[in-house]
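> I'd like to ask some things about the structure below.
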Amino acid sequence: MSEDERSEAALRGGRAWVKHHLRCPTPLQLVCVAVVACAGATHVSAQGPACHNISVGPSQLLADDRGRAVTMDWPSAVQVREGVAIFARKTAMWESERIFFDTTGLVERVRNGSYILPDSLVGYLLPENGTAVPIRRPEFMMQVENIVGAPDNHGGAWVAWIAADSLEKRTLWIASYSAGRWSAATSIFAPRSLNVESLAIAADETGKPYVSVGSTDGERSSYVAGAAVLSQRDGQWAAKWITTSTLSPFGTQITSAHGVTRVVMGGSNVTGTGSQRADTSGIFSAESTDGGENWSKWKLIASSDSRASNWPQLVRSSADTLHVLWVEIQQYNSAEYLVRSARSGDNGHTWIVSDPHRTSPLKSAAAFVLRDEQYYIAEDSENQLALVELRNNEALVVNTLPWHETSMPPRAVTMGDHTRQTLVIFAEAVPGAYPNLPQYQGRRVRYAWITPCRQEPAP
């Protein structure tokens, strides 16, 4: 059976995945946890098989039907009809511990004089049986610098990506992916500058997509900065700017439900120099109630005298309940970070902001919500992962996870509503992956499921 035939068979056979994984199953056994050095936190040294709140399943290697492991960078996981589609800006397979797999005869084509991308894949489908199925990179998808996806609420996905047209020019594209097939791609935005890491996408109940990205455009006389939100009207894509006059945008997140589309942005501002220098940062929100045609001004959720408010993550746990998590950096190379969160019970109109939680320096944090409780997967400077529970203004509850030497910022995506499972994707470092470059490590992607415990009915 050819690669394409195997892919098609997996797509046909994976349709029961949603029924199997997106119901509330019997809780998996909790992983054992150990103490982690985290300032101001409550530490849980061990837990038995009893399930008290959520359970973390064992990590599994993401591999195809031949056992070939997967490597990828900046993954974005999306629930689709056949399972979970995981898109990434760079991805490949391993033929062995030291050699990447030549997925589509790339070496032979290069020998024949054909110029092609060295990466023929754009991700993998994870169906019910746990065997990864390659998602081929369509011909129109070139030089991807970041890629994100969101369910289209019809069993497929909207996928947006930033492509590097040259050393200085970047363009934002979008296409739909369904049942293993891609629609035609559309170029929707090409401003002066795009913040590659700030790209976000969401769809409303009808499947209409919205894309947000931190960006700047124009020359001195017409310069604008802030977040650009792109949506369709009468079949045409248009960008609407939510501008800021002082803050540098650090990241955007977007969600849409019940007629309200909301964007959250982190930003920083520096005034003065030397002893007069002042650093401020904040998390801001803006909304549209007419399908993205008009936007409110930025509304402050929380401000800080920190140098930066990084990695804002917006999670919806119900029709009206939103959660935002972000990390504040007091000083670069600081020995201490602040983790903060905010919760809204009215679809983002008002927010309750938690007190700062002090923690050791983090390389990344992936937020998710289960049963209306907020968690995040933290990656520290020693490449150790921990599951952290936020309890409003109480101390953090930190459980280290037995996943060491991680080599990729983790991702956490809740499938279905917040009573279902959360998929965690991370990667382990592989020494000696490049025989000619021994100082470099490769990576193998792994995944695990986090599941709410079964709640016993009240007596």
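> Run the reach check for Lys240 against lysines, Cα to Cα strictly under 21 Å, same-chain hits fewer than 8 apart removed. What comes back?
Leaving aside lysines fewer than 8 places away in the same chain, those within reach of Lys240 are Lys169, Lys208, Lys297, Lys299.
> What FRET efficiency do you get for Leu61 and Arg181 if R0 is 22 Å and r is their Cβ-Cβ distance, rounded to the nearest 0.05?
Numbers: r = 28 Å, r/R0 = 1.25.
With a Förster radius of 22 Å, E is 0.20.
> Next up: Whole-Hz ³J(HN,Hα) for each residue in the range 361-369, computed from phi via Karplus 6.51 cos²θ - 1.76 cosθ + 1.60 with θ = phi - 60°, x for glycine and proline: what do you get?
x, 10, 8, 6, 8, 10, 8, 7, 10
> Ranked highest first by average number of other Cβ atoms within 10 Å, how do 55-68, 282-295 line up?
Output ranking for 55-68, 282-295: 282-295, 55-68.
> Could I ask something else about it? So between Phe140 and Arg233, what do we pick up on full extension, going 0.36 nm a residue minus the alpha carbon distance? Don't jump to the answer; show the numbers that get you there.
Working: separation 93, 0.36 × 93 = 33.48 nm, distance 2.37 nm.
Gain in length upon complete extension: 31.1 nm.
Values in this text are rule-based calculations from the coordinates and carry no lab data. These numbers were taken from a predicted model, which means no experiment stands behind them. Positions of Cβ are backbone-derived with ideal geometry, glycine not excepted, and every protein chain shown enters the neighbour counts.
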